[in-house]
Amino acid sequence: MLQKYLLCFIICVFAGDLVRSQPVGDPDPQRFQQQIETFLEWDAKNTFPEDAILFVGSSSIRFWKTRRAFPEYPVINRGFGGSHISDVRHFYKHVIHKYEPSVIVFYAGDNDVAADKPVEQVVDDYRNLTERVLTDFPEVKFVYIPIKPSSSRWNYWERMEKVNRRIKSYNQQYEQLFYVDLATPLLKNGKPDDSLFMEDLLHLNEKGYAAWNRVLAPALDTLY
């Protein structure tokens, strides 16, 4: 009887791992069409700085008051909340290519893992994006901000850490790709420090962004 239960347990674990390894369809990028059109309208009416530091990605970028945080740099913010890496790839021409940036600060993947995309799929999406960026802009410096730990998505943290480790290892193969650890400053005794987050325990509050600013600022001083 014990052997039967053990066999069932092994089969269930294996089946669960197999399901998690299957690719998940990308969400429809057209859900962001209005936000992208807002960016296009803004650019049509205003000039944007040359050789800028481009912040791009999901809501952690969108809510980041980047110009206030880094007033000494020419900054462009093109974060659109809820986006996956696949969405950034889809709108690549509108949110990355047109700006010809000197430095790209990128945060995405959080929503991807929460949508049950397997680790390999998320890493492949990142790899495909950076390959396109480096082909178009061989001199650009691309900064990956690792997926952050948060209480609202703590059950995904093991997979998020795997994505971060895989991308860190990948980045080390290229002189233009960088990994700036903004995840560790959000931890306290090995768990997310909730005092750094909004009430939803997912998005950073001002204290959380201040922690990010303190770590990223010296990196930008070196890269820009």
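The values are calculated or read from the model by the stated rules, or taken from the named source; none is laboratory data. Values in this document were obtained by computation on a predicted structure and should not be read as measured data. Each accessible area value is taken on the protein alone, full model and side chains, heavy atoms only, with ligands, DNA and RNA left out. Shrake-Rupley method; radii C 1.70, N 1.55, O 1.52, S 1.80 Å.
Close amide H pairs (under 5 Å, H built 1.01 Å from N) link MET198 with HIS203, LEU204, ASN205, residues at least 5 positions away or on another chain. Figure note: LYS188, LYS98 ranked by solvent-accessible area, largest first, 1.4 Å probe, ligands and nucleic acids not counted: LYS188, LYS98. Accessible surface of LEU40, taken over heavy atoms with a 1.4 Å probe and every protein chain present, rounds to 60 Å². Under a 5 Å amide H cut-off, with hydrogens placed 1.01 Å from N, VAL105 pairs with LEU54, PHE55, VAL56, VAL143 among residues at least 5 apart or on other chains. In order along the stretch 208-215, phi translates into HN-Hα couplings of x, 5, 4, 5, 5, 4, 4, 7 Hz, rounded to whole numbers, per the Karplus curve 6.51 cos²θ - 1.76 cosθ + 1.60 with θ = phi - 60° and x for Gly and Pro. Ordering LYS191, LYS93 by accessible surface, largest first, gives LYS93, LYS191; the 1.4 Å probe counts only protein heavy atoms, with every chain in place.
Computed in the context of the full set of protein chains, the accessible area of the chain at 1.4 Å probe radius has 54% of its extent on carbon or sulfur. Normalising the Debye intensity of the stretch 67-128 to I(0), with uniform scatterers on Cα atoms only, and taking log10 at q = 0.17, 0.18, 0.27 Å⁻¹ returns -0.65, -0.72, -1.20. 3J(HN,Hα) couplings calculated from phi for the stretch 70-86 with the Karplus curve 6.51 cos²θ - 1.76 cosθ + 1.60 (θ = phi - 60°) are, in sequence order, 10, x, 7, 10, x, 10, 10, 10, 10, x, 9, x, x, 6, 9, 4, 4 Hz; Gly and Pro show x. Across all Cα atoms of the stretch 138-224, the radius of gyration (one decimal) and Dmax (whole number) stand at 13.8, 41 Å. Among the listed values (1) 17.7, 58; (2) 15.6, 51; (3) 18.7, 73, the one matching Rg and Dmax of the Cα atoms in Å as calculated from this structure is (3).
With respect to the cross-link table entries LYS148/LYS168; LYS93/LYS162; LYS117/LYS148; LYS98/LYS168, which display a Cα-Cα separation exceeding 18 Å? Result: LYS93/LYS162; LYS98/LYS168 exceed 18 Å. Amide H to amide H distances under 5 Å link LEU187 with ASP193, where only residues 5 or more positions off or on other chains count and H is placed in the peptide plane. Each residue was assigned an accessible area with a 1.4 Å probe, and for HIS90 the value is about 100 Å². When both bridge partners sit in the stretch 83-224, DSSP labels roughly 30% of those beta bridges antiparallel.
The 3J(HN,Hα) values that the Karplus relation (6.51, -1.76, 1.60; θ = phi - 60°) gives for the stretch 113-126 are, in residue order, 5, 5, 8, 6, 5, x, 3, 4, 5, 5, 5, 4, 4, 5 Hz. Gly and Pro appear as x. Contact order, relative form, for the stretch 115-224: 27 percent (alpha carbon pairs under 8 Å, 6 or more residues apart, mean separation divided by residue count).
Based on protein heavy atoms only, the chain ends up with 53 Å² per residue of surface accessible to a 1.4 Å probe.
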